[in-house]
Amino acid sequence: CSRWEEEKKEDGIKWMQLEHRGPYFVPPYEPLPKDVQFYYDGKPLKLSLATEEIATFYAKMLDHEYTTKEIFQNNFFHDWRKEMTSEEQEIIKDLDKCDFGEIHKYFVDKNEARKALPKEEKQKLKEEADKIQEEYGYCILDGHREKIGNFKTEPPGLFRGRGEHPKMGMLKKRIMPEDVIINCSKDSKIPEPPEGHKWKEVRFDNTVTWLASWTENIQNTLKYIMLNPSSKLKGEKDWQKYEVARRLKDVVHTIRAQYRKDWKSKEIKKRQRAVALYFIDKLALRAGNEKEEGETADTVGCCSLRVEHIQLHPQLDGQEHVVEFDFLGKDSIRYYNKVSVEKPVFKNLQLFMKNKDPSDDLFEHLNTTFLNKHLQDLMDGLTAKVFRTYNASITLQEQLKALTNPEDNVAGKLLSYNRANRAVAILCNHQRSIPKTFARSMQVLQEKIDAKKKQVEEAQEEVKKAEDEFKDTKEAKAEVNVEKKKKLLKRLEEQLARMNIQATDKEENKQIALGTSKLNYLDPRITVAWCKKFGIPIEKVYNKTQREKFAWAIDMAGEDFEF
């Protein structure tokens, strides 16, 4: 049997044997050379080691948009001052008087130098990294040697966060062995902490799949060292996730009929649940858990929407019953959408918003626990999240059917694939900011296209010349020449068409992030089946990491797979 289908363990038990080396700790801070200086108010100032290290975090980010943001600057300066000596605190009182220019330049130069290293040197560095990977990057799990996902602790630095995160710029502290809980099996060789240090705790808990954990200091959340997505354990979990979503396919009609009925329920609680579920199903919104006040960015999901996040328009842009959504979702990504909804939904929303302040909850009788309990009653294993997976996967499958033209060449088919993937990313609101290099790389591509057009025009002339010559002479040699020139023209035209497709793809994709849905929401078997059916090499769609993660699907799915 394949390793995906080995013997099952009893419920809750994840492994019988787990042995590993513990995390690899980031090397200690290396002080700046004597001639690289920090200046305060125009004068060089020698900093203590801890203060200097934090200064380098800021200096490295000078050409980043973050360091221009006031929140970032304030948080950084506040945390930096906390780590200074009392003498330094006396002097350094104003971030505007700090000059990190020399330090910044030092790191830019160091980076350039590393890029310019001769091949042998680069190879040496790669071998050293591979050695660390060999030693720390694998564990033994139930007799299999499995790859670990993130075996290094995160280096200290400044917290970035996504969107307008209120904590950006705060100091992310160095993780010490004393912060780390180790998890392994009792009879295994327990990992040794680095010399002179000890672990916070060693556990033998085989109901969880993490190897080590610590609490990071900014959000106070737990961080884990987990297995690589390509491992059997993760692969099985991934597979199960899509199997649950496929089960939803069989009952989704019943569920939709049920929530439609509940729009007219006598209980307001049920009505709110039914409208929220409609949004989660139709718009693939996230459920939206309750969060601690003030601790995190003010982001919401469906259940935690407030009155201020939606506007109702009986009529808008020629459509009826339009709901205009505008809120910050997960990772402070803005969700903005105008949707025409069914009339009972619109009526219910009017009712839910009546006599409320903008900051009041839209669904005050609803939380995710209540919603998920209801979903569990409708189908075993069903939660709000499953709708996102289901709707994403089914959308990909339908779009691929609609968009793929079997007559297209590989480049044409791949454009169709990316368009199907884009439809999903738009559904899930996976945006990205336009890459900094976008304009430049688009310009380069356009220049290549222009040059290729010229070549095509020249080749057309050549064909015409050759044909005229053959007309005049009727010689076999001239006929061969016509064929040769036509062949060249055809090849150049194909290249031009490929480049044009690439430009279209790039332009359509500039603000959309395809990776998130590909990795987390789309059943990989849909993609594998599509590739097999149309003879597309899988590496055109999945990079190496993705192929490793989806090894189970590549093994399993034939071209007839239906989600």
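Given the options Ile501, Ile449, Ile426, name the one that is of a type in the set (A, V, I, L, M), assigned to a helix (DSSP H, G or I) and closer than 28 Å to Ala245 by Cβ. The conditions single out Ile426.
Do you know which residues across region 407-439 are within 19 Å of Gln511 (Cβ to Cβ), modelled with pLDDT of 90 or more and among the charged types (D, E, K, R)? Of everything in region 407-439, those that are within 19 Å of Gln511 (Cβ to Cβ), modelled with pLDDT of 90 or more and among the charged types (D, E, K, R) turn out to be Arg419, Arg422. Restricting the first member to region 537-554 and to residues that are under 14 Å from Pro229 (Cα atoms), and the second to residues that are at pLDDT below 90 and in a helix (DSSP H, G or I), the beta-carbon pairs closer than 6 Å and six or more apart or on different chains are Trp552/Trp4; Trp552/Gly235. The residues listed here are Asn543, Asn500; of these, the one that is within 24 Å of Leu233 (Cα to Cα), open to solvent by 40 Å² or more (accessible area, probe 1.4 Å), at pLDDT 90 or above and of a type outside the set (A, V, I, L, M, F, W, C) is Asn543.
Restricting the first member to region 361-375 and to residues that are over 14 Å from Ile310 (Cβ atoms), and the second to residues that are assigned to a loop (DSSP other than H, G, I, E, B) and of a type in the set (D, E, K, R), the beta-carbon pairs closer than 7 Å and six or more apart or on different chains are Asn367/Glu290.
Specify which of the listed residues (Leu492, Leu514) is surrounded by 13 or more Cβ atoms within 10 Å (Cβ to Cβ) and over 36 Å from the mean Cα position of the chain (by Cα). So that I can check it myself, show each step before the final result.
Numbers: Leu514 fails: over 36 Å from the mean Cα position of the chain (by Cα).
Exactly one of Leu492, Leu514 is surrounded by 13 or more Cβ atoms within 10 Å (Cβ to Cβ) and over 36 Å from the mean Cα position of the chain (by Cα), namely Leu492.
Kindly check whether there is at least one residue in region 134-145 that is within 28 Å of the chain's Cα centre (by Cα), of a type in the set (Val, Ile, Thr), on the phi < 0 side of the Ramachandran plot and at pLDDT below 95. No: zero hits.
The rows are residues; the columns are (1) part of a helix (DSSP H, G or I); (2) touching a residue at least 12 places away in the same chain (Cβ under 8 Å); (3) buried (at least 16 other Cβ atoms within 10 Å of the Cβ).
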site: Lys93; (1), (2), (3): no, no, no
site: Arg114; (1), (2), (3): yes, no, no
site: Gln123; (1), (2), (3): yes, no, no
site: Ile132; (1), (2), (3): yes, yes, no
site: Cys139; (1), (2), (3): no, yes, yes
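One residue stands out among those in region 141-167 that are part of a strand (DSSP E or B), open to solvent by 50 Å² or more (accessible area, probe 1.4 Å) and touching a residue at least 60 places away in the same chain (Cβ under 8 Å): the one that is farthest from Thr209 (Cα to Cα), which is Lys152. Is one or more of the residues making up region 67-87 of a type in the set (Val, Ile, Thr), within 25 Å of the chain's Cα centre (by Cα) and farther than 25 Å from Gly42 by Cβ? Within region 67-87, one or more residues are of a type in the set (Val, Ile, Thr), within 25 Å of the chain's Cα centre (by Cα) and farther than 25 Å from Gly42 by Cβ. Of all residues in region 297-333, those being surrounded by fewer than 14 Cβ atoms within 10 Å (Cβ to Cβ) and in contact with a strand residue (DSSP E or B) (Cβ under 6 Å, 6 or more places away or on another chain) number 2.
For the residues Glu30, Glu127, the requirement of being open to solvent by 40 Å² or more (accessible area, probe 1.4 Å), closer than 30 Å to Gly196 by Cα and part of a loop (DSSP other than H, G, I, E, B) singles out Glu30. Checking each residue of region 428-443 against the condition of being in contact with a Leu (Cβ under 9 Å, 6 or more places away or on another chain), open to solvent by 20 Å² or more (accessible area, probe 1.4 Å) and either of a type in the set (Asp, Glu) or not assigned by the TED database to the domain that holds Ile526 (or both) gives no match. Restricting attention to region 190-211, the residues that are part of a strand (DSSP E or B) and touching a Phe, Trp or Tyr at 6+ places or on another chain (Cβ under 7 Å) total 0. Taking region 168-189 as the range and being open to solvent by less than 30 Å² (accessible area, probe 1.4 Å) and part of a loop (DSSP other than H, G, I, E, B) as the test, the residues that pass are Met168, Gly169, Ile175, Val180, Cys184, Ser185, Ser188. Scanning region 245-262 for residues that are open to solvent by 30 Å² or more (accessible area, probe 1.4 Å) and within 29 Å of Trp15 (Cβ to Cβ) yields Arg246, Arg247.
The values are calculated or read from the model by the stated rules, or taken from the named source; none is laboratory data. Here the structure is a predicted model, which is why all the values come from computation and not from measurement. Neighbour counts run over all protein chains shown; Cβ positions are idealised from the backbone, glycine included. Heads up: the accessible areas ignore ligands, DNA and RNA and are worked out on the full protein's heavy atoms, side chains in. Shrake-Rupley method; radii C 1.70, N 1.55, O 1.52, S 1.80 Å.
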